[in-house]
Structure formats: C-alpha cells, structure tokens
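Participant: Structure incoming, see below.
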Amino acid sequence: MTEITHERRAPADGQKEQSTTEQAMQKVQETGGEVRQQMGEKAQELRAQAGEGIRRQLDDRSTHAGEEVTTTADALRRVGDQLREEGKTGTAQYAERAAEPVERLGRYLTQADGNRLLRDAEQFARRRPWVAVMGGATLGFLVARFIKASNTGDGATEQNDRYPQAALSPAPGLERGEFDDQSRQ
C-alpha cells in the first residue's frame, strides 16, 4: 500500500499548520469568489446596457409611431372637412370624433420617453391583467400570421421541393375521355 503524506509548513506566526492541499483549496476558493464577483458585476453592467438600448429603441420607435398616428389623425380631420363640404355633417362629426383620441395617442407616443412607456405599460398590465394577456395573445397571433404570410418567397419553394410530386400517368387503355365514352354505352 502506498501512503499519501501531506507536506506541512511551519506556522509563521503561531497559527495552525496547513497542508499545501488546504492552502491550494483556499486559494482556489478565493479566486473563485473573485471571479464570481467579477462575473456578477459584468452581468449587471451588460443588463443595464441592454435595458438602456431597449429604452432608446422604444423611445425612437414610439416617436416615429406617434408621428404616423398624428398623420392619421390629420387625415381623419381632412376627411371630416371634405364630408362637411359635401353637406354630410353627421358623418363629418364621426370622423372628427374619431380623430381626437387618435391625435391624443399620437401626442402621447411622440412626447413619452422609453421609461415612461414601460412604466405606463406595467401599470396598465397590473390594473387589467386579463386585457394585457389577451393583448399579448392577439399580438402573438398577428405576428405569427404576418410571418406565415410573408413566407411566400424562397421558403415556400423549398418546402415544395422537399416533397416533389410524381407525375402519374393514366392507366393503360383509359386515356382522358375514354372512360366517359365507355360508361355511356
């Protein structure tokens, strides 16, 4: 049998003796703790950068969407003016009434920053969770339909090429129309 011996160092200041294995384990634990701390700090930094990027994107896109919605409200107002000129005041009032909330939405989207949009969305979801769930499901359904509809280019041909159709010839003696002639006799 072989016997494993641990080399021991003499304590420098009266502390307990430690084997080199114990010292190595302690060093590994210390290094592991430092690495873990550094990784946590880096992860937190990356999370903050990603959050800031998302907020900037949301701010930019909401401003653009707000401008588009405001343009739609202006178009509704012009339609109302045209209808009024044509003498259709009742229908013109509906167009103007429809333009008001659309214009408010456009103003909100244009003026709100990313933080405000996220905060307002969170508050809405907390007040009306079922509406938020249904809205998310509807949005997911619409995105899926959009993706499916836009997959008509190369993807559709690849799918058809995967299962090539075999050209089937009619049975001998039953050319097109021959069966119909035989059944009449």
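Nothing in this text is a laboratory measurement; each read-out follows from the coordinates by a stated rule. The structure presented is a predicted model; accordingly, all values stated were derived computationally and were not measured. Here Cβ is always computed from backbone atoms with ideal geometry, including for glycine, and neighbour counts include all displayed protein chains.
Participant: What's the extension gain from ARG127 to GLN44 if we count 0.36 nm per residue and subtract their Cα-Cα distance? Don't skip to the end; give the middle numbers.
Facilitator: Values: separation 83, 0.36 × 83 = 29.88 nm, distance 2.96 nm.
Full extension from ARG127 to GLN44 adds 26.9 nm.
Participant: In debye, nearest 20, what is the charge dipole magnitude of the range 20-112 about its Cα centre with +1 on Lys and Arg Cβ and -1 on Asp and Glu Cβ, if you could check?
Facilitator: Values: 14 positive and 17 negative charges, 37 e Å.
With only Lys, Arg, Asp and Glu charged at Cβ, the dipole is about 180 debye.
Participant: Can you sort SER19, SER150 so the residue with the fewest Cβ neighbours within 10 Å comes first? Spell out each step's value before the answer.
Facilitator: Details: SER19 13, SER150 9.
In increasing order of surrounding Cβ atoms, one gets SER150, SER19.
Participant: Quick check: residue separation of THR20 and TYR108 times 0.36 nm, minus the Cα distance between them. What number comes out in nm?
Facilitator: Values: separation 88, 0.36 × 88 = 31.68 nm, distance 6.70 nm.
Result for the pair: 25.0 nm of gain on full extension.
Participant: Once label points are set 7 Å from the Cα along Cα→Cβ at both ALA149 and THR89, what is their separation, rounded to one decimal in nm?
Facilitator: 4.0
Participant: What is the local net charge at ILE54, summed over the other residues whose Cβ is closer than 13 Å to its Cβ (Lys, Arg +1; Asp, Glu -1)? Walk me through the numbers on the way to the answer.
Facilitator: On the way: positive: ARG47, ARG55, ARG56, ARG61; negative: GLU52, ASP59, ASP60, ASP113.
With Lys, Arg at +1 and Asp, Glu at -1, the neighbours total 0.
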